[in-house]
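For reference, the structure discussed in these notes is given below.
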């Protein structure tokens, strides 16, 4: 197998699942995948699943299952406002939610962190990555999970809030400058947008938005318009079933987990049929590693491990209990030993991909 | 040994085994006349990027629940001819064109073309999905 064949197969499947596939965006995705191993990892979740199946020791591959993020990586975290209006931080994109062994999320999060270390974008030692993630993960389970919200604790979130406020004018200017949406939204998406508009009198303009990595090629639109003294925006995106369905032969349309003690979700995220609607704003964005304050990298990675367990604890109590017991026996050394071959495979595949693209450029 | 079942029970996705017990593909379609109980043969998917192969009924030695056994060796199975489907008037056209190959080159367009071809000319979308799934499962 190589990345080219796997990508061709995945994209053929995608064409059978989506109403429309945007080829210009897919072409852009292929180019971005060649830019770095991190981007390659983000763009090839289907290939990752295949690699995990072939390279992971049975003790991790056959670990207890629960609702996992799936496409988890160090840049799939972001911030939003929770129902109390507090700035919340956590997993940003749940498009690939699926019931899988919990270890899948840990392997992918650690692999993405190791690749970021190799790319000198995360100033940690390789040998500490898995230990830090696992420590955060287990700590969340030990305390029953707890969301990250900016209130009396988590002062580091305040820096994100300040950054969002200072970049607000540029953010809205960028959204307003997006090209006009050429094709009308399907009725299903229009209904969803109306249901989640800030008010009935909101008259937004519809724009085309090219964003993300793994979901490039999906239809995506942004509605932007003035409402009660300022701009408001909603993003609409067409979702496909999780890639684990085709790669692992599963048949699942997992429901989005509900709010609870371990999760303070964005109340403006809604899914209807194949479309997802979410609020967009300077304080409601996915974050790259460069967006965080320097010097707190270990703390950040530990928080990512903790937050991963927060999402996992939205599964059934039985599933959570099985995972808690299994994770308590998992050592950082065993996790690291499983992650390293996967990272090597990703970096090898990325080199091949970049060479292929260059050869045909 | 599992109990034999009728050819009428065969479903897409059942494993197809060569005479040595190795898996050579999955059932893609069953050709025959249900009303007259005439079993013509099977279309089997051997890879995501190849067209389905035809196995005549004479080469099927046993059918058990979920498994079709052939009298052919793996080498003989690899030489099976292409399954020629009856043409239909329905066509499933992708809403967008170009796809993967558009950005990576003609060599790669060929990969996609091998799989896309039957989609564009036959009502066969489920089989394409099955073949893609089979491709990924074979990777393990």
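The values are calculated or read from the model by the stated rules, or taken from the named source; none is laboratory data. Note that the coordinates shown come from a computational prediction; the quantities given were computed from them, not determined experimentally. As a convention, Cβ positions derive from the backbone with ideal geometry for all residues, glycine included, and neighbour counts pool all protein chains shown.
Pick from the stretch A:306-359 the residues that are within 14 Å of chain B (Cβ to nearest Cβ) and surrounded by 15 or more Cβ atoms within 10 Å (Cβ to Cβ): which of them is modelled with the lowest pLDDT?
Among them, the one singled out is A:357.
Working only within the stretch A:1-18, note down all residues that are over 19 Å from residue A:342 (Cα atoms), surrounded by fewer than 20 Cβ atoms within 10 Å (Cβ to Cβ) and facing chain B (nearest Cβ under 7 Å).
A:16
Name the residue, out of A:49, A:22, that is facing chain B (nearest Cβ under 10 Å), more than 22 Å from residue A:290 (Cα to Cα) and surrounded by 23 or more Cβ atoms within 10 Å (Cβ to Cβ).
On inspection, the qualifying residue turns out to be A:49.
So which residues in the stretch A:269-282 are surrounded by fewer than 18 Cβ atoms within 10 Å (Cβ to Cβ) and within 17 Å of the chain's Cα centre (by Cα), if there are any at all?
Hits for the stretch A:269-282 are A:269, A:270, A:271.
In contact with a strand residue (DSSP E or B) (Cβ under 8 Å, 6 or more places away or on another chain) and assigned to a helix (DSSP H, G or I): does that describe residue A:311?
yes
Name every residue in the stretch A:210-223 that is crowded, with 20+ Cβ neighbours inside 10 Å and over 21 Å from residue A:48 (Cβ atoms), in order of residue number.
Once the filter is applied, which keeps residues that are crowded, with 20+ Cβ neighbours inside 10 Å and over 21 Å from residue A:48 (Cβ atoms), the stretch A:210-223 yields A:219, A:220, A:221, A:222, A:223.
If a residue must be over 28 Å from residue A:184 (Cα atoms) and more than 8 Å from every other protein chain (Cβ to nearest Cβ), how many such residues does the stretch A:25-46 contain?
Total meeting the criteria: 12.
Taking the condition of being at pLDDT below 85, in contact with a strand residue (DSSP E or B) (Cβ under 8 Å, 6 or more places away or on another chain) and not in a strand (DSSP E or B), how many residues in the stretch B:12-46 meet it?
So the answer is 3.
For the stretch A:183-199, state whether one or more residues are in a strand (DSSP E or B) and more than 25 Å from the chain's Cα centre (by Cα).
no
Suppose we filter the stretch A:38-56 for residues that are farther than 22 Å from residue A:117 by Cβ and at pLDDT below 95; how many remain?
Summing the residues that are farther than 22 Å from residue A:117 by Cβ and at pLDDT below 95 in the stretch A:38-56 gives 3.
Looking for whichever is within 30 Å of residue A:267 (Cβ to Cβ) and more than 18 Å from the chain's Cα centre (by Cα) here; the options are A:17, A:53. Which one fits?
On inspection, the qualifying residue turns out to be A:17.
Examine the stretch A:234-241 for a residue that is in a loop (DSSP other than H, G, I, E, B), more than 24 Å from residue A:79 (Cβ to Cβ) and within 17 Å of the chain's Cα centre (by Cα), and state whether such a residue exists.
Looking for residues that are in a loop (DSSP other than H, G, I, E, B), more than 24 Å from residue A:79 (Cβ to Cβ) and within 17 Å of the chain's Cα centre (by Cα), one finds at least one in the stretch A:234-241, hence yes.
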